[in-house]
Amino acid sequence: MEWDWSAVDDFMPEFWDGVLTTLQVLALGSLISFGLGLVWAMALRARTRFITWPVALINEFIRNTPLLIQLFFFFFVLPEWDVQFSTLTTGVLAIGLHYSTYTAQVYRAGIDGVPVGQWEAATALNLPRGRTWFAVILPQAIRRVIPALGNYVISMLKDTPMLAVIGVLEMLQRARQQGAETFQFVEPITVVGVAFILIAYPASVLMRFLERRLVQQ
Amino acid sequence: MTSGLWELVLKGIWITVQLTVFSSALALAVAFAFGILRTHRLWIVRFLAGCYIEVFRGTSALVFMFWIFFVLPLMFSYQLVPMWAAVLALGLTYGAYGAEVVRGALQAVAPAQREAGVALSFTRGQQLRKILIPQAWPEMIPPFNNLSIELLKGTALVSIMGVGDTAFAANLVRLALQESAEIYTYTLLIYFVLAFVISRGMRALERKAKAGIGRPMEKPAARKPGAGVLQMLKKVDGKAVDPQHAGTRARSAGGDA
């Protein structure tokens, strides 16, 4: 089988559209997971077990079940409950929710890393709980966990192809369509595979750099 | 759901279990091979092993699976049975993640241990087999636990290629019943139970491995109010304070796993 560069050229316009959709999913999914993950992490430090236990259970459940099934769940079940979203929205919500359970762990580690004396100092100064979180604990915790959060953005990038199964037109889905139209599967799928390495490797190098800069001070 | 449909789901679970076991075995072999090569003394060997790891960690498991299923047969006119193609894809991908774990654990063994091996004129193979791996192994198990749960979740991807695993069976049931809430809830529960079983098994393995080199299981550090003050007192006093009994009131961190 010969490698056909003209097939690569034909795929390029589709490919760039796919890259755009992938990055869009990644950006929105990251925002959801960063926000929701923080909510989970703070709920896990709540004072009553009526909050911590259900939140811990939900987190474990979402984290230990496949994103693919969750995508199908959102895609097929939500319309049955008369909730209609576009495929892109469904995909972004599912991937954001899935990764929020990972970021929750990251935040939790960051919050646990803040010395206990900081909590006590806040109590001694009679700071209200909200001020304690947002002015004392989180600024110290989040700085340390930025590289770890970045690593989850990279793994989220590598999970975006799953959105192809519900028909989101990201890179892999564009390659599948191109292959179905032209019967040339080799070039589009290889291009997409190489593109993932070209995006993910520099990003992971950047995260290692950030880790050295932000964490070890 | 009728019993016929349940039978379909049970067959799917069996395929999922097989996929998980075979891919984990391949991933473990790949992880050890490349993790050890990554600590080789020749830079070219380290570099090549690093290339493999970065390529497979860099690309998406699903894209690689597509590549094996659709591109490999076209390029080399050689097609694998879907089940084995899936095992190959999952094993190679998660093996690359595992290789970094192995490398990290090997490098975390105290350097004096390796030097002792050199002093006793052990060969490199003997150093690895008798000194480094037995001490590094217990440290590898917790990250391997996470990876094998990721792998279990990854097996759901093969349903897209038409391998009849749990996710595939769920799709068939959905088409048969024209109703998806029930079956997908069951499917999620099935994967959750499988993940729970894996994680319990790995926990037991870790306890056994740590006991083998005389180390206790690590308890997640309980953070208690008042411990900070006691830490300061400890510094002044110069005596160790048992942190387990230091606090006045336990703060629940909401489950450890």
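Quick notes
Residues checked against (1) of a type in the set (S, T, N, Q); (2) buried (at least 20 other Cβ atoms within 10 Å of the Cβ):
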| residue | (1), (2) |
| --- | --- |
| A:PHE61 | no, no |
| A:ASN64 | yes, yes |
| A:PHE76 | no, no |
| A:PRO79 | no, no |
| A:VAL92 | no, yes |
| A:SER100 | yes, yes |
| A:THR103 | yes, yes |
| A:ILE111 | no, yes |
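- Just so you know, in segment B:64-89 the residues that are at the interface with chain A (Cβ under 9 Å from one of its Cβ atoms) and surrounded by 17 or more Cβ atoms within 10 Å (Cβ to Cβ) include one that is farthest from A:ALA164 (Cα to Cα), and it is B:VAL71.
- For B:ALA61, the stated conditions do not hold, so it cannot be described as surrounded by fewer than 18 Cβ atoms within 10 Å (Cβ to Cβ) and either touching a residue at least 60 places away in the same chain (Cβ under 8 Å) or more than 30 Å from A:ALA7 (Cα to Cα) (or both).
- Any hit, segment B:124-145, residues being among the charged types (D, E, K, R), in a helix (DSSP H, G or I), touching a residue at least 40 places away in the same chain (Cβ under 8 Å) and touching a helix residue (DSSP H, G or I) at 6+ places or on another chain (Cβ under 8 Å): no
- Residues that are surrounded by fewer than 22 Cβ atoms within 10 Å (Cβ to Cβ), more than 20 Å from A:PHE75 (Cβ to Cβ) and not aliphatic (A, V, I, L, M), drawn from segment A:159-187: A:GLY179, A:GLU181, A:THR182, A:PHE183, A:GLN184
- Qualifying residue in segment A:10-18 (condition: small (Gly, Ala, Ser) and assigned to a helix (DSSP H, G or I)): yes
- Restricted to segment A:134-176, and to residues there that are more than 19 Å from the chain's Cα centre (by Cα) and among the aliphatic types (A, V, I, L, M), the residue that is farthest from A:GLN118 (Cα to Cα) is A:ALA175.
- Inter-residue pairs, beta-carbon under 7 Å, first under 27 Å from B:VAL63 (Cα atoms) and away from chain A (no Cβ under 11 Å) and in segment B:160-186, second in a helix (DSSP H, G or I) and of a type in the set (D, E, K, R), 6+ apart: B:GLY164/B:LYS11; B:ALA169/B:LYS11
- Residue among A:ILE189, A:ILE166 that is at the interface with chain B (Cβ under 9 Å from one of its Cβ atoms) and either more than 19 Å from A:LEU31 (Cα to Cα) or modelled with pLDDT of 85 or more (or both): A:ILE189
- Among all positions in segment B:141-155, there is at least one residue which is facing another protein chain (nearest Cβ under 10 Å) and among the hydrophobic types (A, V, I, L, M, F, W, C).
The values are calculated or read from the model by the stated rules, or taken from the named source; none is laboratory data. For clarity, every value in this text was computed on a predicted model and none was experimentally measured. Cβ coordinates were reconstructed from backbone atoms using ideal geometry, including for glycine residues, and neighbour counts include every protein chain displayed.
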